[in-house]
1. So residue 267 clears everything in (1) modelled with pLDDT of 80 or more; (2) loosely packed, with under 10 Cβ neighbours inside 10 Å; (3) farther than 30 Å from residue 298 by Cα except one condition, right? Which one?
2. Out of segment 240-264, which residues are in a loop (DSSP other than H, G, I, E, B) and either touching a Cys at 6+ places or on another chain (Cβ under 9 Å) or at pLDDT 70 or above (or both)?
3. Taking segment 332-363 as the search range and keeping residues that are part of a loop (DSSP other than H, G, I, E, B) and among the acidic types (Asp, Glu), which one is nearest to residue 306 (Cα to Cα)?
4. From the list 63, 86, 109, 105, which residue is touching an Asp or Glu at 6+ places or on another chain (Cβ under 9 Å) and within 30 Å of residue 196 (Cα to Cα)?
5. Out of (1) at pLDDT 90 or above; (2) loosely packed, with under 13 Cβ neighbours inside 10 Å; (3) within 37 Å of the chain's Cα centre (by Cα); (4) farther than 22 Å from residue 341 by Cβ, the odd one out for residue 302 is which?
6. Please determine whether any residue of segment 122-132 is at pLDDT 80 or above, under 30 Å from residue 189 (Cβ atoms) and outside any strand (DSSP E or B).
7. Would segment 308-331 turn up any residue that is among the β-branched types (Val, Ile, Thr), part of a helix (DSSP H, G or I) and either modelled with pLDDT of 95 or more or surrounded by 21 or more Cβ atoms within 10 Å (Cβ to Cβ) (or both)?
Amino acid sequence: MKKILSLFFVFSFLFSVAQNDGLPVNPDPGKCYVKCVTQDEFKDEVVKIMVSPEYKVLTVIPATYKWVEKEVLVKEASVLMIYHPATYEWAEVSFIDKEDTKVLAIAPATFGVDSERIEIFPKTGKWEYASYTECESPNPEDCRTLCYIEKLPVYVNVPLQTLENDAQVIESTNPGSDAVYKKQVVAEKAWVEEVEIPAEYEVIKMQVVDVPASVQEETIAAVYETVTKKVLVKKGGVSSWEEIDCGLVRPNDLDIYWDLNSAKLREESKAKIDEVLLTLLNERPNLNIELSSHTDSRGTDDFNLALSQRRADAVKSYLVSKGINANRLISKGYGETRLLNNCSNDVECSASDHQINRRTEYKIIGQ
């Protein structure tokens, strides 16, 4: 029989078994991992089947003609080209008759004192078992947690001589001198004048299509019948171990609060579900969560237990309406058994103190 586990993950008793179950070989300190079973997801699909095809009935309509006059080209246009040569003028051009020269000098290297931190013993780590304090199973072996403990490395400082300034060449420049020479340059470029010789035309008569031949088309519509079938959207199965926020293993406050004796979601609660839970479930499609709802101490124990279950079911129904598979969601009501303050039966408390207890939380589970 399938058992819904209330822990975030379950480790094997022996580390070798844990390794064979896909646990990370080199886990980072403080990281947590989860492994879940996902269910097959289906959807209804309506299939439209064509029982009689669409076809066409075609009728040809012949073309009709008319006489038109048209101007046609009998002599093409041309261009007469007249060449105009370039003209010149004298100009002075500056040039360097003696280049700049470099003067070089040497500055020797200078040194300073420093030290370097050397690792003489590396960082190490090992696995250790611990018990999970919020375990709901009577068997303590179901709640053992495997943690990776890190031992820091050891370092020593080694004195060093450092190079402050390397030997370098210092450059200076002795300036050169300029001179001028004359040359002829183009004052006006050579150019070609174009004189257009126009084209010559005549008018002719010709017979052209007035209305083209065409095909008149009549479409006889196809006949369809519909069939509804189940389609596998996503295959379920066992996923590999994946890294997850360690905080998600504990009940997490969603800032979802309820009116007294009500299981109707507030609008601000829907916005919080969209922001936190819908985002998490869409980004991590292999994770399942438990939705736990609570009441304050007012009312009987049985009434509060049933009311808290309706509240948890309301959150589940809202997520399902947003496209989340119901098999990934466990809704559970705890009534007034997990109060966050001392506002128990027969204790006078303010409305705000009671409101704190009328809440819904969530945590990641495996199954």
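1. Of (1) modelled with pLDDT of 80 or more; (2) loosely packed, with under 10 Cβ neighbours inside 10 Å; (3) farther than 30 Å from residue 298 by Cα, only one is false for residue 267: (3).
2. Of everything in segment 240-264, those that are in a loop (DSSP other than H, G, I, E, B) and either touching a Cys at 6+ places or on another chain (Cβ under 9 Å) or at pLDDT 70 or above (or both) turn out to be 245, 258, 259, 260, 261, 262, 263, 264.
3. Of everything passing the filter in segment 332-363, 336 is nearest to residue 306 (Cα to Cα).
4. Values: 63 fails: within 30 Å of residue 196 (Cα to Cα); 109 fails: within 30 Å of residue 196 (Cα to Cα); 105 fails: within 30 Å of residue 196 (Cα to Cα).
Criteria check complete, one pass: 86.
5. Of the numbered conditions (1) at pLDDT 90 or above; (2) loosely packed, with under 13 Cβ neighbours inside 10 Å; (3) within 37 Å of the chain's Cα centre (by Cα); (4) farther than 22 Å from residue 341 by Cβ, the odd one out for residue 302 is (3).
6. no
7. So the first thing to find is which residues in segment 308-331 are among the β-branched types (Val, Ile, Thr), and the list is 315, 320, 324, 330.
Next, only the ones that are part of a helix (DSSP H, G or I) stay: 315, 320.
Next cut, either modelled with pLDDT of 95 or more or surrounded by 21 or more Cβ atoms within 10 Å (Cβ to Cβ) (or both) only: 315, 320.
Yes: segment 308-331 contains one or more residues that are among the β-branched types (Val, Ile, Thr), part of a helix (DSSP H, G or I) and either modelled with pLDDT of 95 or more or surrounded by 21 or more Cβ atoms within 10 Å (Cβ to Cβ) (or both).
The values are calculated or read from the model by the stated rules, or taken from the named source; none is laboratory data. Everything numeric in this text was worked out from a predicted model, so none of it was measured. Every residue, glycine as well, gets a Cβ built from its backbone with ideal geometry; the counts of neighbours run over all protein chains shown.
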